[in-house]
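Colleague: My questions will all concern the structure given below.
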Amino acid sequence: MGAPSAMQSALLRNARWRLWEFALWTLAFALPLVMPSHALMINEIAIVALFAMSLDLILGYTGIVSLGHAAFFGFGAYVAALFAKHVMPDPTVGLVVAIALSAVLGALASVTILRGTDLTRLMVTLGTALLLLELANKLDWLTGGADGLQGVVMGPVLGLFEFDLFGRTAAWYSISVAFVLFLFMRRIVHSPFGATLKAIRDNRLRAMAIGIPVISRLAVIYTVAAAVAGAAGALLAQTTGFASLDVLAFDRSADVMLMLVIGGVGWLYGGVAGAIVFKVLQDWLSAVTPQYWMFWIGLILVLLVLVGRERLLRPWTWLGRKNGAKA
């Protein structure tokens with residue numbers, strides 16, 4: 001009886017909100033008002049942060065390596081754009097539809113990651129994204145092909161808040177959706193279900209030996225991650241009024257992987273931190289050196305891997321490590 005209660009108390013302790021979390025989300029909702037000229041960038045950061053958190057669910061918490069997570073992001077974007085153009089322009093209804101259909105796609109695609117090695121899953125997930133990319137390109141009568149899906153007009157959020165040219169409504173809308181889905185993901189990772197995911201990540205064979213239904217757990221979390229990624233894609237299409245082949249491109253999957261490398265895997269705020277750092281660096285470096293900004297981001301990533309995230313953020317420890325080791 002002592003072990004389960006200890007486990008439950010540990011889960012409850014980890015699930016408890018910290019003061020800095022309240023401050024972070026309060027700041028996030030205040031930013032479009034405090035920095036109205038950067039509302040469009042804030043909106044984009046909120047979207048890619050949600051996308052990064054969805055990847056962290058399967059990579060950081062479950063150990064599923066994926067290079068094709070953009071498949072669900074792009075699918076959600078096209079579903080939301082097509083729904084707004086041909087059915088109804090209500091963004092909240094379109095968002096729900098995109099989440100539901102992305103979850104269905106994730107459930108179907110989860111079959112491909114249940115067996116094989118990490119390298120196999122890497123190739124299969126990448127192949128899924130490439131298939132959807134080519135499909136969207138060929139079905140130009142529906143998706144617009146290389147020209148993109150144009151003529152998408154969104155209605156007001158909840159029938160009250162019109163999307164403005166400055167992007168403040170879009171930013172608040174994206175932050176609100178990201179916050180709601182963050183609460184949902186946070187509840188998952190700090191639950192007994194989340195504890196079983198970490199056990200699968202650490203040692204799948206041992207998890208199977210102690211009775212954890214590994215196959216069903218993998219299928220469920222992959223479906224959830226696909227639904228959240230679809231929500232992020234839907235937000236992008238709804239707030240920009242446009243969907244193109246770029247949402248399914250390999251660059252999307254690679255960029256979100258880099259965000260997790262920067263922010264750290266295995267905690268949801270790693271996706272948030274990585275998205276903020278990556279987008280700010282991208283915006284600043286592309287303004288300073290438009291042709292070579294990728295070189296500088298690559299250099300930062302190399303330093304991050306060689307030095308380590310914690311030591312890179314604390315340069316005063318660079319010279320003291322040897323002395324500490326000798327002592």
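Colleague: Just give me the residues in the range 160-176 being β-branched (Val, Ile, Thr) and open to solvent by 20 Å² or more (accessible area, probe 1.4 Å), in sequence order. Steps first, please.
Modeller: Quick first cut of the range 160-176, residues β-branched (Val, Ile, Thr) only: 169, 175.
Across the range 160-176, the qualifying residue is only Thr169.
Colleague: Continuing with this model, one more query. Being in a helix (DSSP H, G or I), over 21 Å from Phe250 (Cβ atoms) and not basic (Lys, Arg) narrows it down to one residue among Val111, Val124; which is it? Please lay out each step first, then the result.
Modeller: Working: Val124 fails: over 21 Å from Phe250 (Cβ atoms).
Only one candidate qualifies: Val111.
Colleague: If you don't mind, another one. Here is a check on your reading of the model: is Val79 surrounded by fewer than 24 Cβ atoms within 10 Å (Cβ to Cβ) and among the hydrophobic types (A, V, I, L, M, F, W, C)? Full working, then the answer.
Modeller: On the way: surrounded by fewer than 24 Cβ atoms within 10 Å (Cβ to Cβ): no; among the hydrophobic types (A, V, I, L, M, F, W, C): yes.
So Val79 fails the test.
Colleague: Starting from the range 15-27, keep only residues that are under 17 Å from Phe184 (Cα atoms), then list their pairs with residues that are open to solvent by 90 Å² or more (accessible area, probe 1.4 Å) and modelled with pLDDT of 80 or more whose Cβ atoms are within a distance under 9 Å, requiring at least 6 positions of separation or different chains.
Modeller: Here the result reads Ala15/Arg187, each pair linking the range 15-27 to a residue that is open to solvent by 90 Å² or more (accessible area, probe 1.4 Å) and modelled with pLDDT of 80 or more.
Colleague: If you go through the range 273-280 one residue at a time, do you hit one that is modelled with pLDDT of 85 or more, part of a helix (DSSP H, G or I) and under 25 Å from Ala107 (Cβ atoms)?
Modeller: No: the range 273-280 contains no residue that is modelled with pLDDT of 85 or more, part of a helix (DSSP H, G or I) and under 25 Å from Ala107 (Cβ atoms).
Colleague: Assess whether Gly155 counts as being in contact (Cβ under 8 Å) with a residue 24 or more places away in the chain, over 27 Å from Ile276 (Cα atoms), assigned to a loop (DSSP other than H, G, I, E, B) and open to solvent by less than 50 Å² (accessible area, probe 1.4 Å).
Modeller: Here the answer is yes, as Gly155 does meet what is asked.
Colleague: Are any residues in the range 147-171 touching a helix residue (DSSP H, G or I) at 6+ places or on another chain (Cβ under 6 Å) and either on the phi < 0 side of the Ramachandran plot or modelled with pLDDT of 85 or more (or both), and if so, which ones?
Modeller: Of everything in the range 147-171, those that are touching a helix residue (DSSP H, G or I) at 6+ places or on another chain (Cβ under 6 Å) and either on the phi < 0 side of the Ramachandran plot or modelled with pLDDT of 85 or more (or both) turn out to be Leu149, Val152, Met154, Val157, Phe161, Phe163, Phe166, Arg168, Ala170, Ala171.
Colleague: Here's another thing I want to ask about it. If only one of Gly76, Gly63, Gly68 is under 18 Å from the mean Cα position of the chain (by Cα), at positive phi and not hydrophobic (A, V, I, L, M, F, W, C), which one is it? Full working, then the answer.
Modeller: Values: Gly76 fails: at positive phi; Gly68 fails: at positive phi.
Exactly one of Gly76, Gly63, Gly68 is under 18 Å from the mean Cα position of the chain (by Cα), at positive phi and not hydrophobic (A, V, I, L, M, F, W, C), namely Gly63.
Colleague: Here's something else I'd like to know. Does the range 118-130 include one or more residues that are touching a residue at least 12 places away in the same chain (Cβ under 8 Å), farther than 23 Å from Val265 by Cβ and touching a helix residue (DSSP H, G or I) at 6+ places or on another chain (Cβ under 7 Å)?
Modeller: Checking the range 118-130: not a single residue is touching a residue at least 12 places away in the same chain (Cβ under 8 Å), farther than 23 Å from Val265 by Cβ and touching a helix residue (DSSP H, G or I) at 6+ places or on another chain (Cβ under 7 Å).
Colleague: Let me ask something else about it. Restricting attention to the range 185-201, which residues are surrounded by fewer than 20 Cβ atoms within 10 Å (Cβ to Cβ) and touching a residue at least 24 places away in the same chain (Cβ under 8 Å)?
Modeller: Arg186, Arg187, Ile188, His190, Ser191, Pro192, Phe193, Ala195, Lys198, Arg201
Colleague: Moving on to the next point. Taking Leu105, is it in a helix (DSSP H, G or I), open to solvent by 30 Å² or more (accessible area, probe 1.4 Å), modelled with pLDDT of 85 or more and within 24 Å of Gly167 (Cβ to Cβ)?
Modeller: no
Colleague: Filter the range 99-121 down to the residues that are of a type outside the set (Ser, Thr, Tyr) and either closer than 17 Å to Phe73 by Cα or in contact with a strand residue (DSSP E or B) (Cβ under 8 Å, 6 or more places away or on another chain) (or both) and list them by number.
Modeller: Ile99, Ala100, Leu101, Ala103, Val104, Leu105, Gly106, Ala107, Leu108, Ala109
The values are calculated or read from the model by the stated rules, or taken from the named source; none is laboratory data. None of these values were measured; they are calculated from a predicted model. Reconstructed Cβ throughout: ideal geometry from the backbone, glycine too, with neighbour counts over all protein chains shown. For the accessible areas, the whole protein counts, side chains as well, though only heavy atoms, and no ligand, DNA or RNA atoms are used. Shrake-Rupley method; radii C 1.70, N 1.55, O 1.52, S 1.80 Å.
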